[in-house]
Amino acid sequence: MFGLAPILFALLLGLPIFAYILVQIFFVALHNHQKSAKNLPPGSLGWPLFGETLGFLKPHCSNTLGSFLQQHCSRYGKVFKSNLFGSPTIVSCDLELNAFILQNEEKLFQASYPKPIHGILGKHSLLTVTGELHRKLRNIGVSFIATSKSSPDFLHWVQKLSISMMESWNGCEQVFFYKQTKAFTLRLMVNHLLSVKPDEPLASRILQDFETYMTGFVSLPLNIPGTGYARAVKARARLSFSVKEIMTERRKGKASGQLRGGEEDFLDVILSKQSLTDEEIVSIVLDIMLGGYETTATLMSLIVYFLGHAPIAFHKLKEEHQTIRENKKDGELLNWEDYKKMDFTDYVIYEGMRCGNVVKFVHRKALVDVKFKEFLIPSGWKVLPIFTGAHMDPDLHENPTEFDPWRWIDNFKEMSKKVTVFGGGSRLCPGAELAKVVISFFLHHLILSYRWKTKSDDCPLAYPYVQFRRGLLLEIEPAASDQQEKENKSI
Ligand code: HEM
(Lines give C-alpha, C1' and ligand atoms only; values in the text may rest on other atoms or scores of the structure.)
Protein backbone atom coordinates (compact mmCIF):
# COMPACT_ATOMS: atom_id res chain seq x y z
CA MET A 1 0.00 0.00 0.00
CA PHE A 2 2.79 2.40 1.04
CA GLY A 3 4.71 1.35 -2.05
CA LEU A 4 1.96 2.85 -4.24
CA ALA A 5 2.05 6.27 -2.60
CA PRO A 6 5.33 7.51 -4.12
CA ILE A 7 4.22 6.24 -7.54
CA LEU A 8 0.90 8.07 -7.22
CA PHE A 9 2.69 11.14 -5.94
CA ALA A 10 5.17 11.01 -8.81
CA LEU A 11 2.30 10.61 -11.28
CA LEU A 12 0.30 13.52 -9.81
CA LEU A 13 3.28 15.81 -9.82
CA GLY A 14 4.82 14.42 -12.95
CA LEU A 15 1.78 14.55 -15.24
CA PRO A 16 1.33 18.32 -15.21
CA ILE A 17 5.08 18.83 -15.66
CA PHE A 18 5.07 16.36 -18.55
CA ALA A 19 2.06 18.13 -20.11
CA TYR A 20 3.79 21.48 -19.68
CA ILE A 21 6.97 20.20 -21.38
CA LEU A 22 4.88 18.82 -24.25
CA VAL A 23 3.13 22.18 -24.72
CA GLN A 24 6.52 23.92 -24.66
CA ILE A 25 7.91 21.54 -27.28
CA PHE A 26 4.80 22.07 -29.39
CA PHE A 27 5.15 25.84 -29.24
CA VAL A 28 8.86 25.83 -29.98
CA ALA A 29 8.16 23.54 -32.95
CA LEU A 30 5.33 25.81 -34.10
CA HIS A 31 7.50 28.87 -33.76
CA ASN A 32 10.35 27.26 -35.69
CA HIS A 33 7.90 26.19 -38.37
CA GLN A 34 6.61 29.75 -38.55
CA LYS A 35 10.09 31.18 -38.69
CA SER A 36 10.78 28.98 -41.65
CA ALA A 37 7.43 29.79 -43.26
CA LYS A 38 7.99 32.57 -45.74
CA ASN A 39 6.50 36.03 -45.48
CA LEU A 40 4.78 35.83 -42.12
CA PRO A 41 4.85 39.26 -40.50
CA PRO A 42 7.55 39.64 -37.82
CA GLY A 43 6.64 39.24 -34.16
CA SER A 44 6.75 36.84 -31.26
CA LEU A 45 4.32 34.19 -30.07
CA GLY A 46 5.24 34.80 -26.43
CA TRP A 47 4.43 32.21 -23.79
CA PRO A 48 2.49 29.03 -24.51
CA LEU A 49 -1.29 29.17 -23.97
CA PHE A 50 -1.71 32.85 -23.00
CA GLY A 51 0.94 34.09 -25.41
CA GLU A 52 1.01 37.88 -25.21
CA THR A 53 -2.65 38.28 -24.19
CA LEU A 54 -2.00 39.82 -20.79
CA GLY A 55 0.33 42.47 -22.23
CA PHE A 56 -2.16 43.17 -25.03
CA LEU A 57 -5.03 43.66 -22.57
CA LYS A 58 -3.06 45.84 -20.13
CA PRO A 59 -5.21 48.94 -19.44
CA HIS A 60 -4.03 52.26 -20.87
CA CYS A 61 -5.52 55.69 -21.55
CA SER A 62 -7.86 55.16 -24.47
CA ASN A 63 -6.50 58.18 -26.37
CA THR A 64 -3.14 56.43 -26.65
CA LEU A 65 -1.97 53.27 -28.37
CA GLY A 66 -0.88 51.73 -25.07
CA SER A 67 2.61 50.45 -24.30
CA PHE A 68 2.08 46.97 -25.81
CA LEU A 69 1.08 48.20 -29.28
CA GLN A 70 3.50 51.11 -29.13
CA GLN A 71 6.46 48.81 -28.43
CA HIS A 72 5.39 46.13 -30.91
CA CYS A 73 4.79 48.64 -33.72
CA SER A 74 8.19 50.28 -33.11
CA ARG A 75 9.90 46.90 -33.07
CA TYR A 76 8.06 45.00 -35.83
CA GLY A 77 6.04 47.59 -37.81
CA LYS A 78 2.27 48.18 -38.01
CA VAL A 79 1.52 44.55 -38.89
CA PHE A 80 2.94 41.81 -36.66
CA LYS A 81 2.26 38.30 -35.50
CA SER A 82 1.48 37.34 -31.93
CA ASN A 83 -0.37 34.75 -29.87
CA LEU A 84 -3.56 36.27 -28.42
CA PHE A 85 -6.70 34.80 -26.82
CA GLY A 86 -5.20 31.33 -27.26
CA SER A 87 -4.64 31.57 -31.04
CA PRO A 88 -1.80 32.52 -33.36
CA THR A 89 -2.77 36.02 -34.47
CA ILE A 90 -1.97 38.70 -37.01
CA VAL A 91 -2.35 42.13 -35.41
CA SER A 92 -2.89 45.08 -37.75
CA CYS A 93 -2.52 48.75 -36.81
CA ASP A 94 -2.37 49.51 -40.54
CA LEU A 95 -5.29 51.49 -41.97
CA GLU A 96 -5.07 49.87 -45.41
CA LEU A 97 -4.96 46.30 -44.09
CA ASN A 98 -7.80 47.03 -41.64
CA ALA A 99 -10.00 48.27 -44.48
CA PHE A 100 -9.05 45.24 -46.61
CA ILE A 101 -10.03 42.86 -43.78
CA LEU A 102 -13.41 44.53 -43.17
CA GLN A 103 -14.26 44.78 -46.88
CA ASN A 104 -13.56 41.07 -47.40
CA GLU A 105 -15.90 39.74 -44.70
CA GLU A 106 -17.16 36.24 -45.57
CA LYS A 107 -14.84 36.12 -48.60
CA LEU A 108 -11.35 36.04 -47.08
CA PHE A 109 -12.13 36.76 -43.42
CA GLN A 110 -14.94 36.10 -40.99
CA ALA A 111 -16.05 37.49 -37.61
CA SER A 112 -14.64 35.23 -34.94
CA TYR A 113 -15.22 36.26 -31.33
CA PRO A 114 -13.57 34.15 -28.62
CA LYS A 115 -15.60 31.13 -27.41
CA PRO A 116 -16.32 32.57 -23.93
CA ILE A 117 -18.00 35.59 -25.56
CA HIS A 118 -20.32 33.18 -27.43
CA GLY A 119 -21.25 31.79 -23.99
CA ILE A 120 -22.52 35.21 -22.94
CA LEU A 121 -24.03 36.40 -26.22
CA GLY A 122 -25.86 33.18 -27.00
CA LYS A 123 -25.74 31.35 -30.30
CA HIS A 124 -28.00 33.67 -32.31
CA SER A 125 -26.18 36.94 -31.67
CA LEU A 126 -25.42 39.10 -34.71
CA LEU A 127 -21.82 39.36 -33.57
CA THR A 128 -21.32 35.62 -33.65
CA VAL A 129 -23.55 34.32 -36.46
CA THR A 130 -22.28 34.27 -40.02
CA GLY A 131 -23.57 33.75 -43.56
CA GLU A 132 -27.28 33.67 -44.36
CA LEU A 133 -28.46 33.85 -40.73
CA HIS A 134 -26.35 36.98 -40.20
CA ARG A 135 -27.88 38.62 -43.30
CA LYS A 136 -31.43 37.72 -42.22
CA LEU A 137 -31.10 39.02 -38.64
CA ARG A 138 -29.06 42.07 -39.65
CA ASN A 139 -31.65 43.22 -42.25
CA ILE A 140 -34.37 43.29 -39.58
CA GLY A 141 -32.22 45.32 -37.18
CA VAL A 142 -30.98 47.69 -39.88
CA SER A 143 -34.42 48.56 -41.23
CA PHE A 144 -35.84 49.28 -37.77
CA ILE A 145 -32.86 51.41 -36.69
CA ALA A 146 -32.98 53.31 -40.01
CA THR A 147 -36.63 54.34 -39.52
CA SER A 148 -36.29 55.05 -35.77
CA LYS A 149 -33.42 57.49 -35.94
CA SER A 150 -35.54 60.28 -37.45
CA SER A 151 -38.92 59.30 -35.99
CA PRO A 152 -40.38 62.30 -34.06
CA ASP A 153 -41.52 60.00 -31.26
CA PHE A 154 -37.98 58.68 -30.72
CA LEU A 155 -36.42 62.14 -30.93
CA HIS A 156 -38.93 63.46 -28.36
CA TRP A 157 -38.03 60.64 -25.99
CA VAL A 158 -34.33 61.40 -26.29
CA GLN A 159 -35.04 64.97 -25.27
CA LYS A 160 -37.56 64.19 -22.53
CA LEU A 161 -35.02 61.91 -20.89
CA SER A 162 -32.20 64.45 -21.37
CA ILE A 163 -34.26 67.25 -19.84
CA SER A 164 -35.33 65.10 -16.90
CA MET A 165 -31.66 64.20 -16.27
CA MET A 166 -30.69 67.89 -16.30
CA GLU A 167 -33.55 68.68 -13.91
CA SER A 168 -32.52 65.90 -11.53
CA TRP A 169 -29.17 67.70 -11.16
CA ASN A 170 -30.79 70.88 -9.76
CA GLY A 171 -28.85 71.92 -6.67
CA CYS A 172 -26.12 69.27 -7.24
CA GLU A 173 -22.48 70.32 -7.34
CA GLN A 174 -21.09 66.95 -8.39
CA VAL A 175 -22.39 64.06 -10.50
CA PHE A 176 -21.02 60.65 -11.44
CA PHE A 177 -21.58 61.17 -15.12
CA TYR A 178 -20.70 57.74 -16.54
CA LYS A 179 -23.22 55.87 -14.42
CA GLN A 180 -25.97 58.36 -15.19
CA THR A 181 -25.42 58.25 -18.94
CA LYS A 182 -25.48 54.47 -18.92
CA ALA A 183 -28.86 54.56 -17.16
CA PHE A 184 -29.99 57.20 -19.69
CA THR A 185 -29.09 55.20 -22.82
CA LEU A 186 -30.45 51.93 -21.45
CA ARG A 187 -33.78 53.55 -20.48
CA LEU A 188 -33.97 55.06 -23.93
CA MET A 189 -33.36 51.71 -25.61
CA VAL A 190 -35.71 49.77 -23.35
CA ASN A 191 -38.47 52.26 -24.04
CA HIS A 192 -37.86 52.30 -27.77
CA LEU A 193 -37.51 48.57 -28.23
CA LEU A 194 -40.00 47.22 -25.69
CA SER A 195 -42.10 50.24 -24.57
CA VAL A 196 -40.98 49.73 -20.98
CA LYS A 197 -41.17 53.17 -19.36
CA PRO A 198 -38.24 54.38 -17.18
CA ASP A 199 -40.36 54.51 -13.99
CA GLU A 200 -41.59 50.89 -14.28
CA PRO A 201 -39.88 48.41 -11.90
CA LEU A 202 -39.12 46.23 -14.93
CA ALA A 203 -36.90 49.02 -16.36
CA SER A 204 -34.73 49.02 -13.21
CA ARG A 205 -34.56 45.22 -13.24
CA ILE A 206 -33.44 45.19 -16.88
CA LEU A 207 -30.89 47.93 -16.15
CA GLN A 208 -29.41 45.94 -13.28
CA ASP A 209 -29.33 42.69 -15.27
CA PHE A 210 -27.77 44.43 -18.23
CA GLU A 211 -24.99 45.88 -16.09
CA THR A 212 -24.20 42.41 -14.73
CA TYR A 213 -24.40 40.98 -18.27
CA MET A 214 -21.87 43.56 -19.52
CA THR A 215 -19.32 42.78 -16.80
CA GLY A 216 -19.09 39.25 -18.23
CA PHE A 217 -17.27 40.62 -21.27
CA VAL A 218 -14.32 41.71 -19.13
CA SER A 219 -14.32 38.80 -16.64
CA LEU A 220 -12.18 35.70 -16.71
CA PRO A 221 -14.19 33.13 -18.67
CA LEU A 222 -14.79 30.71 -15.78
CA ASN A 223 -18.35 29.48 -15.57
CA ILE A 224 -18.08 28.67 -11.84
CA PRO A 225 -20.72 29.98 -9.39
CA GLY A 226 -19.72 33.34 -7.93
CA THR A 227 -17.49 34.50 -10.82
CA GLY A 228 -18.34 37.60 -12.85
CA TYR A 229 -18.63 35.40 -15.94
CA ALA A 230 -21.14 33.02 -14.33
CA ARG A 231 -23.18 36.01 -13.07
CA ALA A 232 -23.22 37.43 -16.61
CA VAL A 233 -24.47 34.14 -18.09
CA LYS A 234 -27.28 34.10 -15.49
CA ALA A 235 -28.10 37.77 -16.10
CA ARG A 236 -28.46 37.01 -19.81
CA ALA A 237 -30.89 34.21 -18.98
CA ARG A 238 -32.97 36.62 -16.82
CA LEU A 239 -32.97 39.23 -19.59
CA SER A 240 -34.10 36.61 -22.04
CA PHE A 241 -36.89 35.64 -19.64
CA SER A 242 -38.02 39.29 -19.24
CA VAL A 243 -38.20 39.79 -23.03
CA LYS A 244 -40.09 36.50 -23.46
CA GLU A 245 -42.63 37.55 -20.82
CA ILE A 246 -43.34 40.76 -22.71
CA MET A 247 -43.65 38.74 -25.95
CA THR A 248 -46.20 36.41 -24.34
CA GLU A 249 -48.29 39.36 -23.14
CA ARG A 250 -48.22 40.97 -26.57
CA ARG A 251 -49.32 37.73 -28.24
CA LYS A 252 -52.14 37.24 -25.71
CA GLY A 253 -53.27 40.84 -26.21
CA LYS A 254 -53.27 40.40 -29.98
CA ALA A 255 -55.17 37.09 -29.80
CA SER A 256 -57.87 38.67 -27.64
CA GLY A 257 -58.14 41.62 -30.03
CA GLN A 258 -56.80 44.18 -27.50
CA LEU A 259 -55.00 47.09 -29.14
CA ARG A 260 -51.80 48.23 -27.44
CA GLY A 261 -51.67 52.00 -26.89
CA GLY A 262 -48.69 54.14 -28.00
CA GLU A 263 -46.36 53.94 -30.99
CA GLU A 264 -45.38 50.67 -32.63
CA ASP A 265 -42.10 49.56 -31.02
CA PHE A 266 -39.37 47.21 -32.22
CA LEU A 267 -40.98 44.20 -30.57
CA ASP A 268 -44.25 44.83 -32.46
CA VAL A 269 -42.33 45.01 -35.74
CA ILE A 270 -40.29 41.92 -35.07
CA LEU A 271 -43.24 39.86 -33.76
CA SER A 272 -45.01 40.46 -37.05
CA LYS A 273 -42.15 38.65 -38.84
CA GLN A 274 -43.26 35.07 -38.86
CA SER A 275 -39.89 33.74 -39.97
CA LEU A 276 -38.10 34.24 -36.65
CA THR A 277 -37.90 31.85 -33.71
CA ASP A 278 -38.41 33.18 -30.16
CA GLU A 279 -34.71 32.73 -29.44
CA GLU A 280 -33.80 34.77 -32.52
CA ILE A 281 -36.22 37.53 -31.48
CA VAL A 282 -34.77 37.71 -27.96
CA SER A 283 -31.27 37.71 -29.37
CA ILE A 284 -31.83 40.56 -31.80
CA VAL A 285 -33.52 42.69 -29.09
CA LEU A 286 -30.56 42.11 -26.76
CA ASP A 287 -28.08 42.76 -29.60
CA ILE A 288 -29.55 46.16 -30.36
CA MET A 289 -29.56 47.01 -26.64
CA LEU A 290 -25.99 45.76 -26.31
CA GLY A 291 -24.84 47.61 -29.45
CA GLY A 292 -26.60 50.82 -28.55
CA TYR A 293 -26.37 51.10 -24.80
CA GLU A 294 -22.82 51.07 -23.55
CA THR A 295 -21.16 52.34 -26.73
CA THR A 296 -23.38 55.44 -26.87
CA ALA A 297 -23.05 56.11 -23.12
CA THR A 298 -19.28 55.69 -23.33
CA LEU A 299 -19.01 58.07 -26.25
CA MET A 300 -21.14 60.67 -24.45
CA SER A 301 -18.82 60.40 -21.45
CA LEU A 302 -15.71 60.62 -23.61
CA ILE A 303 -16.97 63.78 -25.29
CA VAL A 304 -17.86 65.36 -21.94
CA TYR A 305 -14.40 64.39 -20.65
CA PHE A 306 -12.57 65.87 -23.67
CA LEU A 307 -14.71 69.05 -23.69
CA GLY A 308 -13.91 69.48 -20.00
CA HIS A 309 -10.27 69.83 -21.06
CA ALA A 310 -10.90 71.90 -24.21
CA PRO A 311 -12.51 75.25 -23.29
CA ILE A 312 -12.32 76.70 -26.82
CA ALA A 313 -14.14 73.71 -28.34
CA PHE A 314 -16.66 73.91 -25.47
CA HIS A 315 -17.48 77.55 -26.30
CA LYS A 316 -17.69 76.95 -30.03
CA LEU A 317 -20.08 74.07 -29.42
CA LYS A 318 -22.18 76.15 -27.05
CA GLU A 319 -22.45 78.94 -29.64
CA GLU A 320 -23.76 76.47 -32.22
CA HIS A 321 -26.47 75.26 -29.83
CA GLN A 322 -27.36 78.80 -28.72
CA THR A 323 -27.93 79.75 -32.37
CA ILE A 324 -30.20 76.74 -32.89
CA ARG A 325 -32.12 77.57 -29.67
CA GLU A 326 -32.57 81.20 -30.73
CA ASN A 327 -34.68 80.01 -33.65
CA LYS A 328 -36.98 77.91 -31.45
CA LYS A 329 -39.87 78.88 -29.21
CA ASP A 330 -39.39 78.54 -25.44
CA GLY A 331 -39.33 74.83 -24.51
CA GLU A 332 -39.81 73.71 -28.15
CA LEU A 333 -38.15 70.37 -28.83
CA LEU A 334 -35.58 69.83 -31.58
CA ASN A 335 -36.31 67.90 -34.78
CA TRP A 336 -34.35 66.11 -37.52
CA GLU A 337 -33.87 69.41 -39.43
CA ASP A 338 -32.19 70.95 -36.36
CA TYR A 339 -29.88 67.93 -36.15
CA LYS A 340 -28.79 68.53 -39.74
CA LYS A 341 -27.64 72.05 -38.76
CA MET A 342 -25.26 70.78 -36.06
CA ASP A 343 -22.02 70.82 -38.05
CA PHE A 344 -19.56 71.56 -35.26
CA THR A 345 -21.34 69.05 -33.02
CA ASP A 346 -20.68 66.44 -35.69
CA TYR A 347 -16.96 67.24 -35.67
CA VAL A 348 -16.91 67.06 -31.86
CA ILE A 349 -18.56 63.63 -31.97
CA TYR A 350 -16.22 62.23 -34.63
CA GLU A 351 -13.17 63.65 -32.87
CA GLY A 352 -14.42 62.18 -29.58
CA MET A 353 -14.64 58.80 -31.31
CA ARG A 354 -11.21 59.09 -32.90
CA CYS A 355 -9.53 60.14 -29.68
CA GLY A 356 -11.57 58.01 -27.28
CA ASN A 357 -11.63 54.73 -29.27
CA VAL A 358 -14.90 53.29 -27.98
CA VAL A 359 -14.17 50.08 -29.91
CA LYS A 360 -10.44 49.41 -29.95
CA PHE A 361 -10.50 46.38 -32.25
CA VAL A 362 -12.73 43.66 -33.68
CA HIS A 363 -12.16 39.91 -33.91
CA ARG A 364 -11.74 38.18 -37.28
CA LYS A 365 -10.16 35.00 -38.63
CA ALA A 366 -8.65 34.24 -42.04
CA LEU A 367 -10.75 31.75 -44.05
CA VAL A 368 -7.97 31.04 -46.55
CA ASP A 369 -4.28 31.92 -46.93
CA VAL A 370 -4.32 35.63 -47.73
CA LYS A 371 -1.48 37.58 -49.27
CA PHE A 372 -1.42 41.24 -48.33
CA LYS A 373 1.49 43.26 -49.75
CA GLU A 374 4.61 41.30 -48.77
CA PHE A 375 2.88 39.37 -45.97
CA LEU A 376 1.12 36.06 -45.73
CA ILE A 377 -1.86 35.74 -43.38
CA PRO A 378 -2.27 31.98 -42.88
CA SER A 379 -5.68 30.34 -43.14
CA GLY A 380 -7.30 29.75 -39.72
CA TRP A 381 -5.22 32.42 -37.94
CA LYS A 382 -6.93 35.03 -35.82
CA VAL A 383 -6.77 38.54 -37.30
CA LEU A 384 -7.24 41.68 -35.22
CA PRO A 385 -7.79 44.97 -37.07
CA ILE A 386 -6.91 47.55 -34.38
CA PHE A 387 -8.91 50.72 -35.07
CA THR A 388 -6.93 52.63 -32.42
CA GLY A 389 -3.80 51.88 -34.47
CA ALA A 390 -5.01 54.07 -37.35
CA HIS A 391 -6.68 56.66 -35.07
CA MET A 392 -3.45 57.26 -33.14
CA ASP A 393 -1.12 56.99 -36.13
CA PRO A 394 1.13 60.09 -36.37
CA ASP A 395 1.57 59.39 -40.10
CA LEU A 396 -2.17 59.97 -40.53
CA HIS A 397 -2.99 62.62 -37.89
CA GLU A 398 -0.97 65.54 -36.56
CA ASN A 399 -0.65 65.33 -32.74
CA PRO A 400 -2.92 62.27 -32.71
CA THR A 401 -3.52 62.17 -28.95
CA GLU A 402 -4.89 65.72 -28.99
CA PHE A 403 -8.66 66.33 -29.05
CA ASP A 404 -9.04 68.78 -31.92
CA PRO A 405 -12.48 68.92 -33.62
CA TRP A 406 -11.15 71.52 -36.09
CA ARG A 407 -9.13 68.86 -37.89
CA TRP A 408 -12.44 67.66 -39.39
CA ILE A 409 -13.47 71.04 -40.85
CA ASP A 410 -12.77 71.29 -44.61
CA ASN A 411 -11.31 67.81 -44.40
CA PHE A 412 -14.29 65.66 -43.49
CA LYS A 413 -14.18 63.23 -46.40
CA GLU A 414 -10.46 62.51 -46.02
CA MET A 415 -10.74 62.19 -42.25
CA SER A 416 -13.72 59.78 -42.47
CA LYS A 417 -11.56 57.38 -44.48
CA LYS A 418 -8.94 57.37 -41.73
CA VAL A 419 -11.35 56.94 -38.82
CA THR A 420 -13.20 53.64 -38.72
CA VAL A 421 -15.04 53.85 -35.42
CA PHE A 422 -18.10 52.02 -36.75
CA GLY A 423 -16.20 49.19 -38.41
CA GLY A 424 -16.89 48.54 -42.10
CA GLY A 425 -17.98 46.12 -44.81
CA SER A 426 -21.00 43.90 -44.29
CA ARG A 427 -20.80 44.32 -40.50
CA LEU A 428 -20.68 48.11 -40.52
CA CYS A 429 -22.46 49.35 -37.39
CA PRO A 430 -26.14 49.91 -38.26
CA GLY A 431 -26.59 52.25 -35.26
CA ALA A 432 -24.06 54.94 -36.24
CA GLU A 433 -26.51 57.69 -37.18
CA LEU A 434 -28.84 56.85 -34.30
CA ALA A 435 -26.00 57.15 -31.79
CA LYS A 436 -25.00 60.49 -33.29
CA VAL A 437 -28.46 62.03 -33.13
CA VAL A 438 -28.94 60.85 -29.52
CA ILE A 439 -25.60 62.36 -28.49
CA SER A 440 -26.21 65.62 -30.40
CA PHE A 441 -29.59 66.19 -28.74
CA PHE A 442 -28.27 65.25 -25.32
CA LEU A 443 -25.32 67.65 -25.75
CA HIS A 444 -27.74 70.41 -26.76
CA HIS A 445 -29.56 70.24 -23.42
CA LEU A 446 -26.41 69.62 -21.41
CA ILE A 447 -24.34 72.49 -22.80
CA LEU A 448 -27.18 74.99 -22.53
CA SER A 449 -27.88 73.96 -18.93
CA TYR A 450 -24.48 73.35 -17.33
CA ARG A 451 -20.77 73.83 -17.49
CA TRP A 452 -18.46 71.31 -15.94
CA LYS A 453 -14.97 70.35 -14.85
CA THR A 454 -13.70 66.81 -14.44
CA LYS A 455 -13.12 66.37 -10.72
CA SER A 456 -9.95 64.33 -10.80
CA ASP A 457 -8.02 63.15 -13.79
CA ASP A 458 -10.16 60.09 -14.43
CA CYS A 459 -8.69 59.36 -17.87
CA PRO A 460 -10.76 56.99 -20.04
CA LEU A 461 -9.15 53.57 -19.82
CA ALA A 462 -9.08 51.00 -22.63
CA TYR A 463 -9.79 47.89 -20.62
CA PRO A 464 -10.11 46.90 -23.60
CA TYR A 465 -13.68 48.34 -23.46
CA VAL A 466 -13.47 51.95 -22.37
CA GLN A 467 -14.08 52.47 -18.64
CA PHE A 468 -13.90 55.41 -16.27
CA ARG A 469 -12.46 53.86 -13.12
CA ARG A 470 -13.82 56.58 -10.86
CA GLY A 471 -17.10 56.95 -12.76
CA LEU A 472 -16.17 60.30 -14.34
CA LEU A 473 -17.00 62.58 -11.44
CA LEU A 474 -17.92 66.05 -12.72
CA GLU A 475 -18.09 69.33 -10.83
CA ILE A 476 -21.06 71.10 -12.37
CA GLU A 477 -22.62 74.52 -12.17
CA PRO A 478 -25.58 76.00 -14.02
CA ALA A 479 -24.60 77.52 -17.36
CA ALA A 480 -24.31 81.28 -17.37
CA SER A 481 -27.33 82.98 -18.96
CA ASP A 482 -26.76 84.81 -22.27
CA GLN A 483 -26.90 88.13 -20.42
CA GLN A 484 -24.30 86.96 -17.87
CA GLU A 485 -22.05 85.72 -20.68
CA LYS A 486 -22.19 89.08 -22.45
CA GLU A 487 -21.31 90.79 -19.17
CA ASN A 488 -18.41 88.37 -18.57
CA LYS A 489 -17.06 89.05 -22.06
CA SER A 490 -17.20 92.83 -21.58
CA ILE A 491 -15.23 92.69 -18.28
C1 HEM B 1 -20.77 55.29 -30.38
C2 HEM B 1 -21.60 54.38 -30.72
C3 HEM B 1 -21.28 53.10 -31.42
C4 HEM B 1 -20.06 52.58 -31.81
C5 HEM B 1 -18.67 53.18 -31.64
C6 HEM B 1 -20.35 51.31 -32.46
C7 HEM B 1 -19.39 50.49 -33.03
C8 HEM B 1 -19.67 49.32 -33.69
C9 HEM B 1 -18.69 48.51 -34.39
C10 HEM B 1 -17.21 48.83 -34.51
C11 HEM B 1 -19.34 47.44 -34.92
C12 HEM B 1 -18.72 46.35 -35.80
C13 HEM B 1 -18.41 45.08 -35.03
C14 HEM B 1 -17.68 44.07 -35.90
O15 HEM B 1 -17.34 44.35 -37.04
O16 HEM B 1 -17.42 42.94 -35.41
C17 HEM B 1 -20.73 47.54 -34.53
C18 HEM B 1 -21.70 46.62 -34.83
C19 HEM B 1 -23.01 46.72 -34.40
N20 HEM B 1 -23.60 47.80 -33.79
FE21 HEM B 1 -22.68 49.50 -33.21
N22 HEM B 1 -21.70 51.09 -32.42
C23 HEM B 1 -22.32 52.17 -31.82
C24 HEM B 1 -23.66 52.37 -31.62
C25 HEM B 1 -24.64 51.47 -31.93
C26 HEM B 1 -26.06 51.67 -31.73
C27 HEM B 1 -26.70 52.96 -31.19
C28 HEM B 1 -26.69 50.51 -32.11
C29 HEM B 1 -28.15 50.17 -32.12
C30 HEM B 1 -29.14 50.98 -31.96
C31 HEM B 1 -25.66 49.60 -32.57
C32 HEM B 1 -25.89 48.32 -33.02
C33 HEM B 1 -24.92 47.51 -33.57
C34 HEM B 1 -25.21 46.16 -34.07
C35 HEM B 1 -26.57 45.46 -34.03
C36 HEM B 1 -24.00 45.66 -34.58
C37 HEM B 1 -23.74 44.30 -35.24
C38 HEM B 1 -23.78 44.46 -36.74
C39 HEM B 1 -23.44 43.19 -37.51
O40 HEM B 1 -22.72 42.33 -37.00
O41 HEM B 1 -23.92 43.08 -38.65
N42 HEM B 1 -24.44 50.21 -32.45
N43 HEM B 1 -20.90 48.71 -33.80
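Here the label points at Lys234 and Val218, each 7 Å from Cα along the C-beta direction, are separated by 2.2 nm in the simple model. Per-residue accessible area (protein heavy atoms, 1.4 Å probe) orders Trp381, Trp336 as Trp336, Trp381, starting from the largest.
Using the C-alpha atoms of segment 230-301, what convex hull volume per residue, in cubic angstrom, is computed?
Working: hull volume 8.0 nm³, N = 72.
With only Cα atoms used, segment 230-301 gives 110 Å³ per residue.
Accessible surface of Ser275, taken over heavy atoms with a 1.4 Å probe and every protein chain present, rounds to 80 Å². Applying both filters, DSSP loop and at most 15 other Cβ atoms within 10 Å, to the GluC sites (Glu not before Pro) of segment 157-252 gives Glu173. Starting from the Cα of Lys328, step 7 Å toward the Cβ, then list every residue of segment 129-160 with an amide N under 13 Å from that point. Counting backbone N atoms under 13 Å from the label point, the list is 155-160. Extension gain for the segment Arg470 to Trp406, taken as residue separation times 0.36 nm less the Cα-Cα distance, is 20.1 nm to one decimal. Based on alpha carbons, the Rg and Dmax found for the chain are 25.0, 97 Å. Taking the 1.4 Å solvent-accessible surface of the chain as the whole, the part contributed by carbon and sulfur is 58%. Over segment 270-355, the ratio between the Cα radius of gyration and 2.2 N^0.38 Å evaluates to 1.52. Taking 1.002 mPa s as the viscosity and 20 °C as the temperature, the Stokes-Einstein diffusion coefficient of segment 288-429 based on its alpha-carbon Kirkwood radius rounds to 123 µm²/s. Here the extension length gained between Glu167 and Arg75 equals 27.9 nm, from 0.36 nm per residue of separation less the Cα-Cα distance. Remark: accessible surface ordering of Met342, Met214 (largest first) is Met214, Met342, probe radius 1.4 Å. Across segment 138-282, Cα-Cα distances exceeding 23 Å account for 47% of all pairs. Taking trypsin sites (Lys or Arg not before Pro) across segment 119-196, the ones in a DSSP loop with at most 12 further Cβ atoms lying within 10 angstrom of their Cβ are Lys123.
For the chain, the 222 nm mean residue ellipticity estimated from helices alone, with every DSSP H stretch of n ≥ 4 adding -39500 (n - 2.57) and the total spread over all residues, rounds to -18000 deg cm²/dmol.
When the GluC sites (Glu not before Pro) in segment 81-165 are filtered for DSSP coil states and for at most 16 other beta-carbon atoms within 10 Å of their beta-carbon, the remaining sites are Glu106. From the residues Leu434, Leu84, Gly380, which one has its Cα farthest along the dipole of the chain in the positive direction, the dipole being from +1 and -1 charges on Cβ of Lys/Arg and Asp/Glu about the Cα centre? Final value for the positive-end residue is Gly380.
Which order do Thr89, Thr248 take by accessible area at a 1.4 Å probe, largest first? Present the calculation step by step, with values, prior to reporting the outcome.
Details: Thr89 0, Thr248 70 Å².
Listed by decreasing accessible area, they come as Thr248, Thr89.
In summary, the aspartates and glutamates within cross-link reach of Lys329, defined as a Cα separation below 17 angstrom excluding same-chain residues under 8 places away, comprise Glu320, Glu337, Asp338, Asp482.
Straight-line cross-link reach from Lys179 at under 16 Å between alpha-carbon atoms covers these aspartates and glutamates, not counting any fewer than eight positions away in the same chain: Asp209, Glu211, Glu294, Asp458, Glu475. Axis of helix 152-168 versus longest Cα principal axis of the chain: the two differ by about 90°, to the nearest ten degrees.
Within the straight-line cut-off of under 20 Å between alpha carbons, the lysines reachable from Lys149 are Lys160, Lys182, Lys197, Lys340, Lys341, Lys436, sequence neighbours fewer than 8 places apart in one chain being disregarded. Normalised per residue, the accessible area of the chain is 49 Å², obtained with a 1.4 Å probe and no contribution from ligands, DNA or RNA. Among the listed pairs Lys78/Lys136; Lys360/Lys382; Lys418/Lys453, a Cα-Cα separation exceeding 24 Å is found for Lys78/Lys136; Lys418/Lys453.
The values are calculated or read from the model by the stated rules, or taken from the named source; none is laboratory data. Keep in mind it's a predicted model, so treat the numbers as computed, not measured. As a convention, Cβ positions derive from the backbone with ideal geometry for all residues, glycine included, and neighbour counts pool all protein chains shown. Ligands, DNA and RNA are stripped out before the accessible areas are found, and what is left, the full protein with its side chains, is counted by its heavy atoms. Shrake-Rupley method; radii C 1.70, N 1.55, O 1.52, S 1.80 Å.
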